[in-house]
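Quick notes on the structure that follows.
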Amino acid sequence: MLAQLNFGTDVSAIAFDASMGHTWGMDSETMLNVRIDEGIKCKFNAFCADAGTSASIAVNLFVHAVVREKHIPFDIAGNTDPFYGEKNQARLRQAMDQLEAGLGVECELIETGE
């Protein structure tokens, strides 16, 4: 099954170029439609969320890199830090819920002098 990703840019959108270290405003609006397998779309959206971004921002970064470098850069990696993993994030949400419900225990900080 095919899914459709729609990537638009807003007049007020700001793009960030990490390698050049600057931002610039986009002064026109345009739309890019891409047809991809629905399963790949879901995995891509999950990857983007795990990396702390959106599919639209990731595609914009990709397009800018291709234009700037004049080749397709495939040196993109997902976040492999276990802190951001699904299991740990679920545990952190559970702990936050417990604290917000008043079920936390206040402890004194013990400094070791190291």
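Return the residues of segment 64-85 that are surrounded by 10 or more Cβ atoms within 10 Å (Cβ to Cβ) and either touching an Asp or Glu at 6+ places or on another chain (Cβ under 8 Å) or at pLDDT 85 or above (or both); say none if nothing qualifies. Break it down stepwise before answering.
As a first pass, look at segment 64-85 and keep what is surrounded by 10 or more Cβ atoms within 10 Å (Cβ to Cβ): 64-66, 68-69, 73, 76, 78-79, 84-85.
Scanning segment 64-85 gives His64, Ala65, Val66, Arg68, Glu69, Gly78, Asn79, Tyr84.
The set of residues in segment 55-102 that are closer than 23 Å to Ile40 by Cα and in contact (Cβ under 8 Å) with a residue 40 or more places away in the chain comprises Ala55, Ser56, Val59, Asn60, Leu61, His64, Ala65.
Okay, residues lined up against (1) exposed (fewer than 15 other Cβ atoms within 10 Å of the Cβ); (2) at pLDDT 90 or above:
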site: Thr9; (1), (2): no, no
site: Phe16; (1), (2): yes, no
site: Met20; (1), (2): yes, no
site: Lys43; (1), (2): yes, yes
site: Ala49; (1), (2): yes, yes
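Scanning segment 87-114 for residues that are over 24 Å from Asp50 (Cβ atoms) and in a helix (DSSP H, G or I) gives Gln98, Leu99, Glu100. Inside segment 95-114, residues that are surrounded by fewer than 10 Cβ atoms within 10 Å (Cβ to Cβ) and of a type in the set (S, T, N, Q) make up a count of 1.
Is there a residue being within 22 Å of the chain's Cα centre (by Cα) and surrounded by fewer than 12 Cβ atoms within 10 Å (Cβ to Cβ) anywhere in segment 52-62? Yes; the residues of segment 52-62 include at least one that is within 22 Å of the chain's Cα centre (by Cα) and surrounded by fewer than 12 Cβ atoms within 10 Å (Cβ to Cβ).
Of all residues in segment 41-66, which are under 21 Å from Gly85 (Cβ atoms) and part of a helix (DSSP H, G or I)?
Our first condition is that a residue be under 21 Å from Gly85 (Cβ atoms); within segment 41-66, this holds for 42-55, 58.
Answer for segment 41-66, where residues must be under 21 Å from Gly85 (Cβ atoms) and part of a helix (DSSP H, G or I): Cys42, Lys43, Phe44, Asn45, Ala46, Phe47, Cys48, Ala49, Asp50, Ala55, Ala58.
The values are calculated or read from the model by the stated rules, or taken from the named source; none is laboratory data. Everything quoted here is computed from the prediction, not taken from an experiment. Here Cβ is always computed from backbone atoms with ideal geometry, including for glycine, and neighbour counts include all displayed protein chains.
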